[in-house]
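Here is the structure we will look at, set down as structure tokens.
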């Protein structure tokens, strides 16, 4: 007897997406919009799949009542209206459509750049307010032709922006520490080593990065001062990438000629928001993904994803655990968190612009199906670059391909010093970093980093100190940490030779701030201090 699955469409999506769902004889589709939590709880036990946008809240209470639910699909990027932790606990796959708005956002950002260059909104207002002649004299623009464009973040949207900028004969300088040089060359962009190098000579700067602890206020007062006087900025990515107080001061001084914003630190901005009152600012109300085509695309994409998950068990663009059978999970489950932590550690310590991530399995783990382990390692590696909310074990390979990162997986038949061993290395041009991990009983350990033997628990806040092997340095580090009320949970020391360069790795109870990092690097013998949070 054929099985019929019931799908609930709880928010408006494109009619084409609904038609595609209804065209499958295995599905019965109900469209019920505007449901309250109580209403949803009362009916959700009937459904195997749910499609939402941003309005309907899929709460823990809803998920608890959803006894047959296999998948929730969000037509869009964010999943903040879905309790993903509760979904994971209930075995419900949560999916989104991260690529559906790529072209729309790239085009909108490019449109803002052109509007900024030619004062389009201001000139329009001069005509409609009866100031035609005044506007014609006042709003002299600049050409894009021959100008230097800095793109900060070369993911899908940044890449599409670069394609359009090339057709306008712009010189493109890109900053993305996880973009390989070979990929940059293929895209026709120059690769900058640092953000400062990218923005220093730019006439236009566009941001296409996730908002993380590292990228918050990426454009700040000191960085604005580095830029060419008269620079123009565009932000269609995330509010908070630009320090808006510093930006206002730079606009008032003339250091920045203009800025175009589709996103803001506070949304919606308040009525007395100072940037809105300046004529050299172009603003739109978070319209990057607001096109008929983008909405159509995400509706069709999420309909297909939910259908495939419910009927075939195929999972695409999952933001939580992918579907694997119980036997496989039992075999590889212990390795997943270790692999993800190792991937994160490699990403934090690898040379810039890595071309390859190599993963080698030895011992018992080499006899297992390591596909999921490799994906978790890749997730840990890429989430540092792309933002944790975007990268998951399912879409990680696509992110790697987009960044020009080659992933290799090998198995070592010869015995090693460990019953189980996972080794990861990353780098380019002969420069690389290697991390090795294993288990002491059931406890995961990092046993090698930067060619030194260590013994580190891979969780929490790790402080990596590259130092000269001299007497007293451990005491100096402990004193500085103690004075700043940072407690050491565990310490491991590694060196290859007496008096040479050594590595000190500390598990800390709390994350030290940047000022503490500077104090540590000022100590005699400390070469570099790096914090890694796992």
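Here is a yes/no grid of residues against (1) surrounded by 14 or more Cβ atoms within 10 Å (Cβ to Cβ); (2) out of contact with any helix residue (DSSP H, G or I) (no Cβ under 9 Å at 6 or more places or on another chain); (3) within 29 Å of residue 532 (Cβ to Cβ):
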position	(1), (2), (3)
176	yes, no, yes
180	yes, yes, yes
187	yes, no, no
195	yes, no, yes
206	yes, no, no
220	yes, no, yes
227	yes, no, no
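For the stretch 514-524, does any single residue satisfy the condition of being surrounded by fewer than 14 Cβ atoms within 10 Å (Cβ to Cβ), on the phi > 0 side of the Ramachandran plot and assigned to a loop (DSSP other than H, G, I, E, B)? Working first, answer last.
Within the stretch 514-524, the subset surrounded by fewer than 14 Cβ atoms within 10 Å (Cβ to Cβ) is 514-515, 518, 522, 524.
Next, from what is left, pick out any that are on the phi > 0 side of the Ramachandran plot: none.
The answer is no, given that none of the residues of the stretch 514-524 is surrounded by fewer than 14 Cβ atoms within 10 Å (Cβ to Cβ), on the phi > 0 side of the Ramachandran plot and assigned to a loop (DSSP other than H, G, I, E, B).
Is it the case that the stretch 404-417 has a residue that's buried (at least 23 other Cβ atoms within 10 Å of the Cβ), outside the structural domain of residue 490 (by TED's automatic domain parsing) and out of contact with any helix residue (DSSP H, G or I) (no Cβ under 6 Å at 6 or more places or on another chain)? So that I can check it myself, show each step before the final result.
Kept after step one, since they are buried (at least 23 other Cβ atoms within 10 Å of the Cβ), are these residues of the stretch 404-417: 405.
Applying the additional criterion that residues be outside the structural domain of residue 490 (by TED's automatic domain parsing) yields 405.
The next check asks that each one be out of contact with any helix residue (DSSP H, G or I) (no Cβ under 6 Å at 6 or more places or on another chain); those that pass are 405.
Among the residues of the stretch 404-417, at least one is buried (at least 23 other Cβ atoms within 10 Å of the Cβ), outside the structural domain of residue 490 (by TED's automatic domain parsing) and out of contact with any helix residue (DSSP H, G or I) (no Cβ under 6 Å at 6 or more places or on another chain), which makes the answer yes.
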Criterion violated by residue 496 - all others in (1) at positive phi; (2) over 30 Å from the mean Cα position of the chain (by Cα) satisfied:
(1)
Let me confirm something: among 473, 446, which residue is in contact (Cβ under 8 Å) with a residue 40 or more places away in the chain and either touching a helix residue (DSSP H, G or I) at 6+ places or on another chain (Cβ under 6 Å) or in the same structural domain as residue 426 (by TED's automatic domain parsing) (or both)?
446
Return the residue satisfying two criteria in turn: it lies in the stretch 8-32 and is in contact with a strand residue (DSSP E or B) (Cβ under 9 Å, 6 or more places away or on another chain) and under 23 Å from residue 101 (Cα atoms), and of such residues it is surrounded by the fewest Cβ atoms within 10 Å (Cβ to Cβ).
12
Please go through the stretch 358-386 and pick out each residue that is over 24 Å from residue 155 (Cβ atoms) and either under 15 Å from the mean Cα position of the chain (by Cα) or outside any helix (DSSP H, G or I) (or both).
360, 361, 362, 363, 368, 369, 370
Scan the stretch 499-513 residue by residue and report those that are assigned to a loop (DSSP other than H, G, I, E, B) and either touching a residue at least 40 places away in the same chain (Cβ under 8 Å) or at positive phi (or both).
499, 509, 510, 511, 512
What is the number of the single condition among (1) touching a helix residue (DSSP H, G or I) at 6+ places or on another chain (Cβ under 7 Å); (2) not in a helix (DSSP H, G or I) that residue 121 does not meet?
(2)
Over the stretch 41-59, the set of residues in contact with a strand residue (DSSP E or B) (Cβ under 9 Å, 6 or more places away or on another chain) and either in a helix (DSSP H, G or I) or within 15 Å of residue 80 (Cα to Cα) (or both) is 43, 44, 46, 51, 52, 53, 54, 56, 57, 58, 59
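So, in the stretch 60-74, exactly how many residues are assigned to a loop (DSSP other than H, G, I, E, B), out of contact with any helix residue (DSSP H, G or I) (no Cβ under 6 Å at 6 or more places or on another chain) and surrounded by 15 or more Cβ atoms within 10 Å (Cβ to Cβ)?
Going residue by residue through the stretch 60-74, those that are assigned to a loop (DSSP other than H, G, I, E, B) are 66-70.
Now narrow it down to the ones that are out of contact with any helix residue (DSSP H, G or I) (no Cβ under 6 Å at 6 or more places or on another chain): 68-69.
Remaining after also requiring surrounded by 15 or more Cβ atoms within 10 Å (Cβ to Cβ): 69.
So the count comes out to 1.
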Exactly one condition in (1) farther than 17 Å from residue 154 by Cα; (2) outside any loop (DSSP other than H, G, I, E, B); (3) in contact with a strand residue (DSSP E or B) (Cβ under 9 Å, 6 or more places away or on another chain) is false for residue 223; which is it?
(3)
Quick one: is residue 272 without any contact (Cβ under 8 Å) to a residue 12 or more places away in the chain and part of a helix (DSSP H, G or I)?
no
So, residue 463, is that one touching a strand residue (DSSP E or B) at 6+ places or on another chain (Cβ under 8 Å), crowded, with 20+ Cβ neighbours inside 10 Å, over 26 Å from residue 393 (Cα atoms) and at pLDDT 85 or above or not?
yes
Scan the stretch 303-326 residue by residue and report those that are in contact with a helix residue (DSSP H, G or I) (Cβ under 7 Å, 6 or more places away or on another chain), crowded, with 21+ Cβ neighbours inside 10 Å and modelled with pLDDT of 90 or more.
303, 307
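From the residues in the stretch 444-460 that are part of a strand (DSSP E or B) and more than 13 Å from residue 421 (Cα to Cα), which one is modelled with the lowest pLDDT? Break it down stepwise before answering.
Kept after step one, since they are part of a strand (DSSP E or B), are these residues of the stretch 444-460: 444-449, 452-456.
The next check asks that each one be more than 13 Å from residue 421 (Cα to Cα); those that pass are 449, 452-456.
Working: 449: 90, 452: 87, 453: 91, 454: 90, 455: 92, 456: 91.
Out of the qualifying residues, it is 452.
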Return yes when residue 87 is in contact with a strand residue (DSSP E or B) (Cβ under 9 Å, 6 or more places away or on another chain), surrounded by 14 or more Cβ atoms within 10 Å (Cβ to Cβ), assigned to a helix (DSSP H, G or I) and modelled with pLDDT of 95 or more and no when it is not.
no
When you scan the stretch 352-369, do you find a residue that is surrounded by 20 or more Cβ atoms within 10 Å (Cβ to Cβ) and modelled with pLDDT under 85, even just one?
yes
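Identify, from the list 432, 425, the residue that is over 18 Å from residue 340 (Cα atoms) and either touching a strand residue (DSSP E or B) at 6+ places or on another chain (Cβ under 6 Å) or not in a loop (DSSP other than H, G, I, E, B) (or both). Before you say what the answer is, go through the steps one by one.
Working: 425 fails: over 18 Å from residue 340 (Cα atoms).
Step by step, each of 432, 425 is checked, and only 432 is over 18 Å from residue 340 (Cα atoms) and either touching a strand residue (DSSP E or B) at 6+ places or on another chain (Cβ under 6 Å) or not in a loop (DSSP other than H, G, I, E, B) (or both).
The values are calculated or read from the model by the stated rules, or taken from the named source; none is laboratory data. What you are looking at is a predicted structure, and each value in this text was computed from that prediction instead of being measured. Glycine also receives a Cβ, built like all others from the backbone with ideal geometry; neighbour counts cover every protein chain displayed.
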